[in-house]
Amino acid sequence: MATAVIAYSTGRGHTLRLAQAVAEGMRHTPGVSPFLMDTAALSAEDWQCMHDAEAIIFGSPTYMGGVSAGFKTFMDDSSDYWEERRWLDKIAAGFTIGTNYSGDKLMTLQNMAVFAAQHGMIWVGQAVIGPRPVPGGERQVDGDGSALGLMATSSPDKTEMIYPADRATAEIFGRRIAEAVQRWNGQNRDG
């Protein structure tokens with residue numbers, strides 16, 4: 001069983017909801033087990049779990065055009081393992097959520113992708129092609145049209161926190177990451 005750690009930072013719970021949806025999508029792929037891990041309070045065992053995992057998926061809200069301060073602390077703390085190349089060749093992916101449709105969320109994903117590259121990880125982007133905008137239309141799967149990773153927009157409905165279409169996008173993205181983990185680790189090959 002391959003393991004995938006979803007290491008996320010959340011402010012008001014939106015990123016957690018997105019992380020849960022990514023994990024749900026991963027659970028639809030046999031042979032890959034997702035673990036959610038809040039980066040706010042990591043233990044030595046949590047770090048070891050990341051070192052042992054086949055994939056680490058990064059999640060952070062976009063605050064002021066970048067990752068949250070808490071997620072940046074996690075990134076900086078990971079430098080203790082950078083020289084040892086503990087995450088070399090692990091699958092990596094990223095997701096973010098913000099208040100506005102653009103909200104400079106691309107900067108957050110770019111920051112995560114560069115972070116993964118510095119650790120020598122293999123980055124997985126979206127496979128879904130975003131929809132063509134429809135005036136007055138509802139949000140659709142990959143409504144923000146992101147290829148680098150998952151972008152979502154926080155819902156004004158604070159009981160839901162994320163739009164249903166963004167939840168669906170997160171589940172599709174989770175399945176894509178899990179399938180990449182299987183391929184990269186030689187599982188489920190047809191010969």
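For segment 4-89, the square roots of the Cα gyration tensor eigenvalues, ordered a ≥ b ≥ c, give a/c of at least 1.5 with a/b no greater than b/c, which places it in the oblate category. Report, in deg cm²/dmol and to the nearest 500, the calculated mean residue ellipticity at 222 nm for the chain, where each DSSP H run with n ≥ 4 adds -39500 (n - 2.57) and the sum is divided by the residue count. Result for the chain: -11500 deg cm²/dmol, rounded to the nearest 500. What the phi angles of segment 147-159 give under the Karplus curve with 6.51, -1.76 and 1.60, with θ = phi - 60°, is a coupling list of 9, 5, x, 8, 10, 9, 10, 5, 7, x, 7, 6, 7 Hz, glycine and proline written as x. Taking only Cα atoms and a 10 Å spring cutoff, compute GNM fluctuations for the chain and point out the largest among Leu106, Leu150, Leu18. Of the options given, Leu106 has the highest mean-square fluctuation. Rounded to the nearest 10 degrees, the inclination of helix 164-184 to the longest alpha-carbon principal axis of the chain is 20 degrees.
Projecting the Cα atoms of His14, Pro164, Ile56 onto the dipole axis of the chain, where Lys and Arg carry +1 and Asp and Glu carry -1 at the beta carbon, places Pro164 farthest toward the positive end.
The structure shown yields P(r) over Cα pairs in 5 Å bins from 0, in percent, and of the options (i) 1, 9, 18, 22, 21, 15, 8, 4, 1, 0, 0; (ii) 1, 7, 15, 17, 18, 17, 13, 8, 2, 0; (iii) 1, 7, 15, 16, 15, 14, 13, 10, 6, 3, 0 that calculated value carries the label (i).
Backbone amide hydrogens, once placed in the peptide plane, bring Ala152 within less than 5 Å of Thr96, Ile97, Gly98, excluding anything fewer than 5 places away on its chain.
Taking the Cα centroid of segment 67-137 and of segment 1-25, what is the distance between the two, rounded to the nearest whole Å? Using only Cα atoms to place each centre, the spacing works out to 13 Å. Given springs between every Cα pair under 10 Å in a Gaussian network model of the chain, which of Glu160, Glu24, Glu179 has the largest fluctuation? Result: Glu160 has the largest fluctuation of those listed. Applying the criteria of a DSSP loop state and at most 11 other Cβ atoms within 10 Å to the trypsin sites (Lys or Arg not before Pro) of segment 92-173 yields Lys158.
Of Glu171, Glu45, Glu54, the residue with the greatest mean-square motion in the GNM of the chain, using alpha carbon springs below 10 Å, is Glu45.
Using a 10 Å cut-off around each Cβ, can you sort Val67, Val124 from fewest to most neighbouring Cβ atoms? Mind showing how you got there, number by number?
Working: Val67 26, Val124 23.
The most exposed by this proxy come first: Val124, Val67.
Take the Cα of Arg85, go 7 Å toward its beta carbon, and the backbone nitrogen atoms of segment 103-125 under 18 Å from that spot belong to 115-123. Within straight-line reach of Lys105, meaning a Cα separation under 18 Å, sit the following lysines at least 8 residues removed in sequence or on another chain: Lys72.
For the chain, the share of DSSP beta bridges that are antiparallel, to the nearest 5, is 10%.
Applied to segment 10-19, the Karplus parametrisation 6.51 cos²θ - 1.76 cosθ + 1.60 on θ = phi - 60° returns per-residue 3J(HN,Hα) values of 9, x, 10, x, 5, 5, 4, 4, 5, 4 Hz, with x for Gly and Pro.
Taking other C-beta atoms within 10 Å as the exposure proxy, Val141, Val5 rank Val141, Val5 from fewest upward.
Every number in this text was worked out from the coordinates using simple rules, so none of it is lab data. None of the values given here were measured: they were computed from a predicted structure. No Cβ is skipped: glycine too gets one built from the backbone with ideal geometry, and neighbour counts run over all protein chains shown.
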